[in-house]
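Worksheet: one structure, shown below.
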Amino acid sequence: MAEILVYVDHVDGAVRKPTLELLTLARRLGEPVAVALGNGAADTAAALAEHGAVKVLTADAPEFTEYLVVPKVEALQAAYDAVSPAAVLVPSSAEGKEIAARLAVRIGSGIITDAVDLEAGDEGPVATQSAFAASYTTKSRVSKGTPVITVKPNSAPVEPAPAAGTVEALAVSFSEKAHGTKVTARTPRESTGRPELTEAAIVVSGGRGVNGAENFAIIEALADSLGAAVGASRAAVDAGWYPHSNQVGQTGKSVSPQLYIAAGISGAIQHRAGMQTSKTIVAINKDAEAPIFDLVDYGVVGDLFDVVPALTQEVRARKG
Amino acid sequence: MSLRIVVCVKYVPDATGDRKFADDLTVDREDVDGLLSELDEYAVEQALQIAEEADDAEVTVLTVGPEDARDALRKALSMGADKAVHVDDESIHGSDVMATSLVLAKAIEKTGYDLVIAGMASTDGTMGVLPAILAERLGVPQVTLLSEVKVEDGKVTGRRDGDTASEQLEASLPAVVSVTDQSGEARYPSFKGIMAAKKKPVEELELDDLDIDEDEVGLEGSWTAVDSADERPARTAGTIVKDEGEGGKQLAEYLASQKFI
Ligand SMILES: Cc1cc2nc3c(=O)[nH]c(=O)nc-3n(C[C@H](O)[C@H](O)[C@H](O)COP(=O)(O)OP(=O)(O)OC[C@H]3O[C@@H](n4cnc5c(N)ncnc54)[C@H](O)[C@@H]3O)c2cc1C
Ligand SMILES: Nc1ncnc2c1ncn2[C@@H]1O[C@H](COP(=O)(O)O)[C@@H](O)[C@H]1O
């Protein structure tokens, strides 16, 4: 059976959910072989085996943290050379896409980014993508070389499928190119204790209507009552009310949760680009004409300062 | 010695217009109004600022695109770039990122460069990988997705705000940089700038000028193929209620009915 290389996104050995989703998709195409790099790489093996990895190739080296992107490309290329896979799947993070793209150049392959679904086809994997702020759905294939495909979070269910998950050390020798861009300092993002925005099942976002950094507390309170992540529109981020890392939209994060709640957000095309594929969409806006209402499954025309706290209270009461 | 900056700018269909696909499943660039990708304005802005700081610098804006893509170059020239290069060749129509990056890399090499600056992503393709691919093709460091950038003493430094950390990066020139929309508002062209732009040189190049074969680019030469593009069915109209004191409760009932609580 053909082997499918899966690039593992993990934090010190804790595998992030999008990688487990990739394993589900990889199993549709062949036998997943995982590649885990950096600190804690070997610790990923149990979770990966549990979800279908037949093999886990691991490597750690200071290069992975001291230099940008290229060392990881070279390690993934070493795995590619060792395995000769039928396809390479990478999670669609900013870094994941860059790693995948450079690997594609090196192995003479085409690349598809931001797939939202994958299935086996006669001429190789067929990727579903969303285009033009999710107003179109396309199906495409890589027509030259070994398909390299990056897949967005929440594109497939996480499914247990126990496999051997045999750990093997991957030998990597770095070229001079790997040392091109030095990381001279790193400030880790502080954890809020809330779910990761791109992985969350529920996202509650606030926009210009929230009208001040201090008022985001009511958005956070609703999010916490639902166990949700907090998002923000660019207008709210530009105003300095919420961190840029929480921005949803074209130039922020793209989210596809089960439930998206937009409060005080008008629904500009660039915002829609990052949330339009959410399963259920709910909006609270005092302007009945706001474009966001074209998208909603349920909308409340009203003042968010009344509706959001009332909703939060009701959720808490119902959850007991 | 002069600092040669090449800025990659893309001409894209207006996101607020009715974007669609043409019959051959390429992005329709004819029936939809186009413009300089807003995200590439940030690249032009940073190039101009870096040039202003340098003793002696020249900013060239480069696009690969159809005849109308000239509009994007004009806009960048009127913001203050010195000259433009336009690669326009029938055979390029339908090129994917691998084919486009091949053309851009050859055009950059032909122009000569110390620093290449691109936007974080195009607003139509939204891949965000072209700068990394250019770095790979040109064999120079990639210093991408910067929200802050500086060039000094033959080095480029900048801040990259990633998913899990904010990183400070450093590389020697020549290098490929891409900047985000957090890098600083782009300037508006002044009247003087718009007038001056009319006199600035725009070099027109075809594949022959770049030693690229027709079969390396275009729909046929691309590394990927689009088999279908379908308009997403409009979302079915949802329930909309007006808050008359019960809005929060009604919403909670809806969420409960959908099993979210
Ligand atoms: C290249 C480019 C990239 C962009 N990328 C992004 C992106 O990634 N993400 C993004 O979000 N935007 C992005 N934008 C900006 C986008 O075009 C909009 O400007 C932005 O989304 C507007 O944010 P908003 O909806 O919060 O603000 P507004 O459009 O001002 O809407 C605020 C809404 O709040 C409502 N409101 C006000 N007060 C209340 C209240 N008390 N109760 C209830 N409702 C209230 C108003 O009726 C209004 O509908 C981008 C723009 C460009 C050009
Ligand atoms: N046809 C093109 N001509 C010039 N620059 C381009 C072109 N396509 C992409 N770019 C540059 O590459 C960046 C990222 O594009 P992409 O990877 O396609 O999203 C853009 O912001 C531009 O700076």
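Using R0 = 30 Å, the C-beta based FRET efficiency linking residue A:173 and residue B:215 works out to 0.30. Cα-based radius of gyration for region A:196-320, normalised by 2.2 N^0.38 Å, reads 0.93.
Using the C-alpha atoms of chain A, what convex hull volume per residue, in cubic angstrom, is computed?
Roughly 139 Å³ of hull volume per residue.
For region B:161-261, the share of alpha carbon pairs falling in successive 10 Å distance bins from zero is 8, 12, 16, 27, 18, 13, 6 percent.
Find how much the distance from residue B:256 to residue B:71 grows on full extension, using 0.36 nm per residue of separation minus their present alpha carbon separation; answer in nm with one decimal.
Between residue B:256 and residue B:71, full extension yields an extra 61.4 nm.
Using a/c under 1.5 as the rounded threshold, could you call region A:220-287 rounded, prolate or oblate? The axes a ≥ b ≥ c are square roots of the C-alpha gyration tensor eigenvalues, and prolate needs a/b larger than b/c, oblate otherwise. Verdict is rounded for region A:220-287. In percent, rounded to a whole number, the relative contact order of region A:204-320 is 24, using alpha-carbon pairs under 8 Å and six or more apart. Under a Gaussian network description of chain A, with springs only between Cα atoms under 10 Å, the residue in A:111, A:261, A:269 that fluctuates furthest is A:269. Proximity of backbone amide H atoms, modeled 1.01 Å from N, is registered between residue A:231 and A:204, A:205, A:206 at under 5 Å, excluding neighbours fewer than 5 places apart on the same chain. Surface composition of chain A: carbon plus sulfur atoms contribute 47% of the solvent-accessible area (1.4 Å probe, protein chains only, all chains present).
For chain B, what does -39500 (n - 2.57) per DSSP helix run (n ≥ 4), summed and divided by total residues, give at 222 nm, in deg cm²/dmol to the nearest 500?
-8000 deg cm²/dmol
Here the relative contact order of chain A, from alpha carbon pairs under 8 Å that lie six or more residues apart, stands at 15 percent. For residue B:18, the accessible surface of its heavy atoms amounts to roughly 130 Å² (probe 1.4 Å, protein chains only, rounded to the nearest 10).
Each of residue B:150 and residue B:237 was given a label point 7 Å from its Cα along the Cα-to-Cβ line. The distance between the two points is 5.7 nm. Three principal axis extents describe the C-alpha atoms of region B:1-118; from largest down they are 49, 28, 18 Å. A straight Cα-to-Cα reach below 21 Å connects residue B:192 with the lysines B:75, B:83, B:200, residues fewer than 8 places away in its own chain not being considered. Summarising the overall dimensions of chain B from its C-alpha atoms, the Rg and Dmax are 21.5, 70 angstrom.
Among A:118, A:57, A:68, the residue with the largest mean-square fluctuation in a Gaussian network model of chain A, with springs joining Cα atoms closer than 10 Å, is A:68. Each part gets one Cα centre, and for region B:187-261 versus region A:123-159 those centres are 17 Å apart. For the peptides B:48-54, A:218-224, B:174-180, A:189-195, residues were scored by their other Cβ atoms within 10 Å and the scores averaged per peptide; the highest-first order is B:174-180, A:218-224, B:48-54, A:189-195.
Around the amide H of residue A:3, modelled in the peptide plane, lie the amide H atoms of A:31, A:86, all under 5 Å away and 5 or more residues distant in sequence or on another chain.
Given a 1.4 Å probe, show me the residues in region B:15-44 buried by at least 40 Å² of accessible surface when comparing the whole protein assembly to the chain alone. With the partner chains in place, region B:15-44 has these residues losing at least 40 Å²: B:19, B:21.
Just the number, please: buried accessible area between A and B, total of both chains, 1.4 angstrom probe, nearest 100 square angstrom. By this definition, chains A and B bury close to 6900 Å². Counting Cβ atoms of other protein chains within 10 Å of each residue's Cβ and taking the mean over peptide A:246-252 gives 3. Rolling a 1.4 Å probe over the heavy atoms of the protein chains gives region A:198-252 an accessible area of 32 Å² per residue. Rolled with a 1.4 Å probe across the full set of protein chains, the surface gives residue B:41 an accessible area near 30 Å².
Using the reciprocal of the averaged 1/r over all distinct C-alpha pairs, how large is the Kirkwood radius of region A:56-197 in Å?
Answer for region A:56-197: a Kirkwood hydrodynamic radius of 17.0 Å.
With the convex hull drawn around the C-alpha atoms of region A:135-235, the volume per residue stands at 281 Å³.
Other residues with beta-carbon under 13 Å from the beta-carbon of residue A:308 carry, at +1 per Lys or Arg and -1 per Asp or Glu, a net charge of -3.
Rounded, prolate or oblate for the protein assembly as shown? Axes are the square roots of the Cα gyration tensor eigenvalues, ordered a ≥ b ≥ c, and the cut-off for rounded is a/c under 1.5. Oblate, because a/c is 1.5 or more while a/b does not exceed b/c.
In this calculation the C-beta distance from residue A:258 to residue B:168 is compared with R0 = 25 Å, giving a FRET efficiency of 0.10. Of the two radii for region B:39-190, the radius of gyration is 0.94 times the Kirkwood radius, both from the alpha carbons; that is the Rg over Rh value.
Within the listed set B:14, B:114, B:227, the residue fluctuating most in the Gaussian network model of chain B (springs between alpha-carbon atoms under 10 angstrom) is B:227. Element breakdown for chain B at a 1.4 angstrom probe: carbon and sulfur atoms account for 44% of the accessible area.
The values are calculated or read from the model by the stated rules, or taken from the named source; none is laboratory data. It should be emphasised that the depicted structure is a prediction, and the values quoted were computed from it without experimental measurement. No Cβ is skipped: glycine too gets one built from the backbone with ideal geometry, and neighbour counts run over all protein chains shown. Heavy atoms of the whole protein, side chains included, go into the accessibility calculation; ligands, DNA and RNA do not. Shrake-Rupley method; radii C 1.70, N 1.55, O 1.52, S 1.80 Å.
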